[in-house]
Amino acid sequence: MDKNKKSARLTIGDENYELPLFTPTAGPEVIDIRKLYSRAGVFTYDPGFTSTAACDSTITFIDGSKGELLHRGYPIDQLASKSHFLEVCSLLIDGKLPNHEELKAFKGTITRHTMLHEQMVNFFRGFRRDAHPMAIMVGVVGAMSAFYHDSTDINDERQREIASHRLIAKMPTIAAWAYKYSIGQPFIYPRNDLDYAANFIHMCFAVPAEEYVVDPILRRAMDRILILHADHEQNASTSTVRLASSSGANPFACIAAGIACLWGPAHGGANQACLEMLKHIGHVERIPEFINRAKDKNDPFRLMGFGHRVYKNFDPRALVMKQSADEVLDLLGIEDNPLLQIAKELESIALQDDYFVKKKLFPNVDFYSGIILEAMGFPTSMFTPIFALSRTVGWISQWKEMIADPQNKIGRPRQLYLGETERDYVDIKYR
Ligand code: CMC
């Protein structure tokens, strides 16, 4: 081993093993255990990946104790206040802020891919009329591989690029149509004269019978929601996309897998679950009852929108989202929203409660996003689809990074087996 390189020493019985130690540009050092099994014959055990770096990446960095989130080095609060979603998409995918020409070209490409293949309408119509929009999104995005054969070869860089553009461009149309279908309204086609956020709002709320003008307040709020959810390092859905694509699966199938993972209430589904919880609490007087339930080990109830695996002081996205919620409600003239009152009271009680303080549990991004989305007129069932729409660019950036990496290997974790050892089959009459 190179003497100048750092290493970690592992002792198992009488044997010592030197393991390389990598120093990242930011974050904790990483022990390279790739050769551990072949050299020492042991596995490491880390369910939930609490201490495992599954890949190297240059896209997003989170410092959980400082409450820091950087995309390609740029702090999330600066991006949320100074940038806009398509510029952030370009940054995440290409690794640098685009200049005028590059941004114009990127916007043009995304804008001109917003329509869906017309036969995809039949796919939507195959769902039950009351299907959850997330169920429709998982199905329709997976089905894109049946419509766009010319962008499924992952070994062709140009095809990968086209697939990326198609996914970012078409996801608002898919999410909006999933919503329209679930409420029985006609699909509204994309409009290329509107920007990304405004076009999405228009496709959700316009009807063919009358003109619908997108409110600039709502457009800005939506754009900010999209920026705040754009990427988040190796979270569950991103890791799902990476694992799915490690087998060589096509990009549409991989993103569909990511959408499925995001749906769970511990991840992207928390925004819907949080708003439903606020409605269920119903009145500020009932908050202590729910705080006690959240603290009770024998009760599976958790305060939705609270806690995070990585952030242990505050969620920087939640700070921006909270400001945005105040702004939007103020501008829309909804200051005395009862849900907002419950949310504010719940937040202040929980932030002072010993249980939540000791366990470092505080509101995450999903605590506030639902309040804004509800104020904008979205039903709770659309909260997670909007998260999926925003996160698509993060999934794609991570997917592209992974495919281009020569070290890319199929993901194949091992296990700590605790089942029966070999035993003989017993005929049914003797059992
Ligand atoms: N309410 C009450 N107790 C909680 C909560 C909560 N929301 N979250 C964690 N705890 C407790 C938990 O019971 C455990 O206690 P103990 O050590 O006594 O067993 C301790 O805190 C640590 O919890 P954990 O489940 O081991 O932590 P984790 O890192 O595995 O889970 C989490 C992180 C986000 C899944 C979890 O905090 C949670 O379920 N929160 C509610 C769902 C939610 O808001 N999810 C959105 C996350 S942000 C958006 C995204 O990135 O998807």
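Applied to segment 141-158, the Karplus parametrisation 6.51 cos²θ - 1.76 cosθ + 1.60 on θ = phi - 60° returns per-residue 3J(HN,Hα) values of 5, x, 6, 4, 5, 8, 10, 10, 4, 7, 9, 10, 7, 6, 8, 9, 4, 5 Hz, with x for Gly and Pro. Annotation note: trypsin sites (Lys or Arg not before Pro) in segment 174-268 located in DSSP loop regions with a Cβ neighbour count of at most 16 within 10 Å are Arg191. Computed with a 1.4 Å probe over protein heavy atoms only, the accessible surface of the chain comes to 52 Å² per residue. Over all other residues within a Cβ to Cβ distance under 14 Å of Cys204, the charged ones net out to +1, with Lys and Arg as +1 and Asp and Glu as -1.
Work out how much length Val284 to Glu118 would gain on full extension: take 0.36 nm times their residue separation and subtract the Cα-Cα distance, in nm to one decimal.
Details: separation 166, 0.36 × 166 = 59.76 nm, distance 4.85 nm.
Result for the pair: 54.9 nm of gain on full extension.
Let's test the formula: R0 of 41 Å, r as the Cβ-Cβ distance of Glu68 and Glu422. What FRET efficiency results, to the nearest 0.05?
Details: r = 51 Å, r/R0 = 1.24.
Taking R0 as 41 Å, the efficiency between Glu68 and Glu422 is 0.20.
In this simple spin-label model, placing a label point 7 Å from the Cα along the Cα-to-Cβ direction at both Glu161 and Glu211 gives a separation of 4.0 nm. The mean sequence distance of close C-alpha pairs (under 8 Å, at least 6 residues apart), as a share of the length of segment 15-100, puts its relative contact order at 14 percent.
Report the gain in length on full extension from Ala54 to Asn99: 0.36 nm times residue separation, minus Cα-Cα distance, nm rounded to one decimal. Numbers along the way, then the final one.
Details: separation 45, 0.36 × 45 = 16.20 nm, distance 3.28 nm.
Roughly 12.9 nm would be gained on extension.
Legend: calculated FRET efficiency, Glu15 to Asp405, from the Cβ-Cβ distance at R0 = 41 Å, rounded to 0.05, equals 0.80. Subtracting the Cα-Cα distance of Arg414 and Tyr430 from their residue separation scaled by 0.36 nm leaves 2.3 nm. Solvent-accessible area of Lys104, all protein chains in place: 150 Å² (probe radius 1.4 Å, heavy atoms, ligands and nucleic acids excluded). Annotation: lysines with alpha-carbon distance below 22 angstrom to Lys297 (same-chain offsets under eight excluded): Lys312, Lys358, Lys359, Lys360.
Modelled label positions at Arg128 and Lys358, each set 7 Å beyond Cα in the direction of Cβ, lie 4.4 nm from each other.
Distant-in-sequence amide contacts of Phe306, defined by a placed amide H-H separation under 5 Å and a gap of 5 or more residues or a different chain, comprise Asn364.
Can you give the longest run of the chain that contains no GluC sites (Glu not before Pro) sitting in a DSSP loop with at most 11 other Cβ atoms inside 10 Å?
On the way: sites that count: Glu29, Glu118, Glu211, Glu335, Glu420, Glu422.
The longest such stretch corresponds to 212-334.
In this calculation the C-beta distance from Glu29 to Arg302 is compared with R0 = 30 Å, giving a FRET efficiency of 0.40. Ligands, DNA and RNA excluded, the heavy atoms of Ile31 present near 80 Å² of accessible surface to a 1.4 Å solvent probe.
With +1 on each Lys and Arg Cβ and -1 on each Asp and Glu Cβ, how big is the dipole of segment 121-207 about its Cα centre, in debye rounded to the nearest 20? Write down the numbers at each step before the final one.
On the way: 9 positive and 8 negative charges, 88 e Å.
Dipole size: approximately 420 debye.
Considering only Gly73, Tyr181, Leu36, the residue lying farthest towards the positive end of the dipole of the chain is Leu36, judged by Cα position with unit charges set on Cβ.
State the percentage of accessible surface on the chain attributable to carbon and sulfur atoms; use a 1.4 Å probe and exclude ligands, DNA and RNA.
Working: 11600 of 22390 Å².
Solvent-exposed carbon and sulfur of the chain make up 52 percent of the total.
For the chain, a Gaussian network of Cα nodes joined below 10 Å ranks Ala221, Ala260, Ala146 by mean-square fluctuation, and the top entry is Ala146.
The values are calculated or read from the model by the stated rules, or taken from the named source; none is laboratory data. All values reported here derive from a predicted model rather than from experimental measurement. Quick reminder, even Gly has a Cβ in these numbers, built from the backbone with ideal geometry, and neighbours come from all protein chains shown. Calculation scope for accessible area: heavy atoms of the full protein, side chains included, ligands and nucleic acids excluded. Shrake-Rupley method; radii C 1.70, N 1.55, O 1.52, S 1.80 Å.
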